[in-house]
Amino acid sequence: MANAPARVAHLQTPRQRLESVIQIARAHASEVDCENRFPAETFEALKRARLLGVMIPAQYGGDSLSLADIVDMCGALGQACASSAMIFAMHQIKVSSLVTHGTESAWHIDFMKRVAAEQLLLGSATTEGGIGGDLRSSICAIERDGAIFRLVKEANVISYGRQSDAILITARSHSGAASSDQVMAVVLRDQYALEKTIDWDTLGMRGTCSEGFRFTCEAPAEQIFPHPFAEIAAQSMLAMAHLMWGGVWFGIAADAVARAQAYLRAEARKRPGEKPPGAIRLAETVGVLQEMKSVIVSGISAYERAKLRDEELSSVGFSVAMNNVKVTTSQAAADIVRDVLLINGIYGYRNDSPYSVARHMRDALSAAIMINNDRILGNTSNLLLVSKFDTSLVA
Amino acid sequence: MDKIRAILDQFGKLKVPASSLAPDADLYDAGLTSFASVQLMLGLEEAFDVEFPESMLNRKTFSSIAAINRAIGEITRAAA
């Protein structure tokens, strides 16, 4: 009966399989944060529960899960350990590039099968020193040599780079290409070398281990995606990222609200007949949490509608809508946790109380700077010079 | 098309002069960014006295000189 657990894993839905992972993530969340380390226990459990390939089509060995299912999983995991949830989200964003743009090349289809079968963890190297955080611009360039390519990138952030099984990396398509003429390639762990250049010691999201590296690789050219990165970014990556991140941030906020409720209930029990002073603030905060949920759910529907038509997916109006999902959910998460801090008072502020939201606060504050909101608002304000808001209330 | 090329040179921030581009050459490959494409739209609206409807505000409409020419043609015909 050596394969019994695997058989059980197939009987349950992916969301059911996630439950045991959530327990493990919650049990180690504080340790991961304090020790500034990768949530290894969560990812061993995710691999055991076969949850890393869930977005991959069933014909290639995955579960064909929809974006809505994945965002829900991000939110559920985010309630337990924000670092685990963010790594899970970043991995699924990379998987979504394969699912959306990798089905026309034999190599990428085979790789997708490997991700599902071997539960490979995918990392991302899209940012580069000297660029200032604009992922749609590269300095480094692919150097082709017959059937292989070489690349050296000063990647100032590769989250969980040392734990990734493969890294999806962007670069200019050739040495003479414009900075925006980029391609993306999948590079396997035994094809690249990482030389650490920057440590990861931050306020929050400490478990993501988003260290900087000099990335050097040599790999077959067929591992480069056939479509330009501009298309991958516009048609799947940005929207998926903003919605999955939104799910993670929603998870942080939802767990903070649950802690406020638990605190207020305990207070109310101690003093029957009296309403705790923070109760009215909780009512207000739950309203903001509900708004946040609506923004994510309607954003997912907008993506599902848009993906049926290429022009819609690459439209200015859709970009504005997805930018707004990112800015509003990232702000709401921090606002909600700050309000819970007021409700729970010293019990929320302490690190060692069951009503603590100290880690939540630190984790939530990363949201506004993960692709800085000011950069996104600058981009949106440019788009709004030509685009009008869709005032229809029909989904 | 020459008028479109002149506006491309002014607002497109391409890495080559627009006169060197074939009508169907991909403008994004030539270095057109999403920021510059909005400036280009505004320049075209001013020069041709048109307004691009929301349905035309996508990547395809501004992907080549020929595509821009077609879009402007469509708007002018619809207005006539």
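Could you tell me whether A:GLN235 is open to solvent by 40 Å² or more (accessible area, probe 1.4 Å), within 23 Å of the chain's Cα centre (by Cα) and either within 14 Å of chain B (Cβ to nearest Cβ) or not charged (D, E, K, R) (or both)?
Details: open to solvent by 40 Å² or more (accessible area, probe 1.4 Å): no; within 23 Å of the chain's Cα centre (by Cα): yes; either within 14 Å of chain B (Cβ to nearest Cβ) or not charged (D, E, K, R) (or both): yes.
Criteria not met by A:GLN235.
I'm checking my understanding of the structure. Among residues of the range B:44-65 that are within 11 Å of chain A (Cβ to nearest Cβ) and part of a helix (DSSP H, G or I), which one is least open to solvent (accessible area, probe 1.4 Å)?
If we filter the range B:44-65 for residues that are within 11 Å of chain A (Cβ to nearest Cβ), which is where we start, we get B:44-45, B:51-63.
Retained after the next criterion (residues that are part of a helix (DSSP H, G or I)): B:44-45, B:54-56.
On the way: B:LEU44: 0, B:GLU45: 36, B:GLU54: 68, B:SER55: 97, B:MET56: 26 Å².
Checking each candidate, the answer is B:LEU44.
Test B:ASP24 against the stated conditions and say whether it is open to solvent by 70 Å² or more (accessible area, probe 1.4 Å) and in contact (Cβ under 8 Å) with a residue 40 or more places away in the chain.
Working: open to solvent by 70 Å² or more (accessible area, probe 1.4 Å): yes; in contact (Cβ under 8 Å) with a residue 40 or more places away in the chain: yes.
In short, yes.
Would you be able to say whether some residue in the range A:202-218 is within 23 Å of A:GLY130 (Cα to Cα), surrounded by 21 or more Cβ atoms within 10 Å (Cβ to Cβ) and within 14 Å of chain B (Cβ to nearest Cβ)? No, because not a single residue in the range A:202-218 is within 23 Å of A:GLY130 (Cα to Cα), surrounded by 21 or more Cβ atoms within 10 Å (Cβ to Cβ) and within 14 Å of chain B (Cβ to nearest Cβ).
Would you confirm whether or not the range A:285-298 contains a residue that is outside the structural domain of A:ALA185 (by TED's automatic domain parsing), open to solvent by 50 Å² or more (accessible area, probe 1.4 Å), more than 23 Å from A:VAL357 (Cα to Cα) and polar (S, T, N, Q)? Within the range A:285-298, one or more residues are outside the structural domain of A:ALA185 (by TED's automatic domain parsing), open to solvent by 50 Å² or more (accessible area, probe 1.4 Å), more than 23 Å from A:VAL357 (Cα to Cα) and polar (S, T, N, Q). Listed here are the strands (runs of 3 or more DSSP E) enclosed by the range A:141-237 that have at least 3 residues being closer than 30 Å to A:ASP33 by Cβ: A:148-158, A:166-172, A:192-198, A:211-220. Evaluation of B:LYS13 against the conditions (1) within 21 Å of A:GLU311 (Cβ to Cβ); (2) assigned to a loop (DSSP other than H, G, I, E, B); (3) open to solvent by 10 Å² or more (accessible area, probe 1.4 Å) shows that the sole unmet condition is (1). Please enumerate the residues belonging to the range A:122-151 that are open to solvent by 60 Å² or more (accessible area, probe 1.4 Å) and either small (Gly, Ala, Ser) or touching a Lys or Arg at 6+ places or on another chain (Cβ under 7 Å) (or both). Of everything in the range A:122-151, those that are open to solvent by 60 Å² or more (accessible area, probe 1.4 Å) and either small (Gly, Ala, Ser) or touching a Lys or Arg at 6+ places or on another chain (Cβ under 7 Å) (or both) turn out to be A:GLY130, A:GLU143, A:GLY146, A:ALA147.
In the range A:157-174, how many residues are open to solvent by 10 Å² or more (accessible area, probe 1.4 Å) and either closer than 18 Å to A:HIS227 by Cα or among the aliphatic types (A, V, I, L, M) (or both)? Break it down stepwise before answering.
Taking the range A:157-174 and keeping what is open to solvent by 10 Å² or more (accessible area, probe 1.4 Å), we get A:157, A:159, A:162-163, A:165, A:172-174.
Applying the additional criterion that residues be either closer than 18 Å to A:HIS227 by Cα or among the aliphatic types (A, V, I, L, M) (or both) yields A:157, A:172-174.
Residues that pass the stated criteria total 4.
If A:SER301 satisfies every condition in (1) open to solvent by less than 10 Å² (accessible area, probe 1.4 Å); (2) hydroxyl-bearing (Ser, Thr, Tyr); (3) under 24 Å from A:THR103 (Cβ atoms) but one, which is the exception? Result: A:SER301 passes all but (1). Scanning the range B:16-41 for residues that are of a type in the set (A, V, I, L, M, F, W, C) and closer than 18 Å to A:SER319 by Cα yields B:LEU32, B:PHE35, B:ALA36, B:VAL38, B:LEU40, B:MET41.
Scanning for something more than 24 Å from the chain's Cα centre (by Cα) and surrounded by 16 or more Cβ atoms within 10 Å (Cβ to Cβ), does the range A:242-259 turn up at least one residue? No, the range A:242-259 contains no residue that is more than 24 Å from the chain's Cα centre (by Cα) and surrounded by 16 or more Cβ atoms within 10 Å (Cβ to Cβ).
Pairing residues of the range A:140-157 that are on the phi < 0 side of the Ramachandran plot and free of Cβ contacts under 8 Å to residues at least 12 places away in the same chain with residues that are of a type in the set (Gly, Ala, Ser) and surrounded by 15 or more Cβ atoms within 10 Å (Cβ to Cβ), at Cβ distances under 7 Å and at least 6 apart in sequence or on separate chains, gives no pairs at all.
The values are calculated or read from the model by the stated rules, or taken from the named source; none is laboratory data. From a predicted model like this one, the values you see are computed outputs, not experimental measurements. Here Cβ is always computed from backbone atoms with ideal geometry, including for glycine, and neighbour counts include all displayed protein chains. Accessible surface areas use protein heavy atoms only, side chains included; no ligands, DNA or RNA. Shrake-Rupley method; radii C 1.70, N 1.55, O 1.52, S 1.80 Å.
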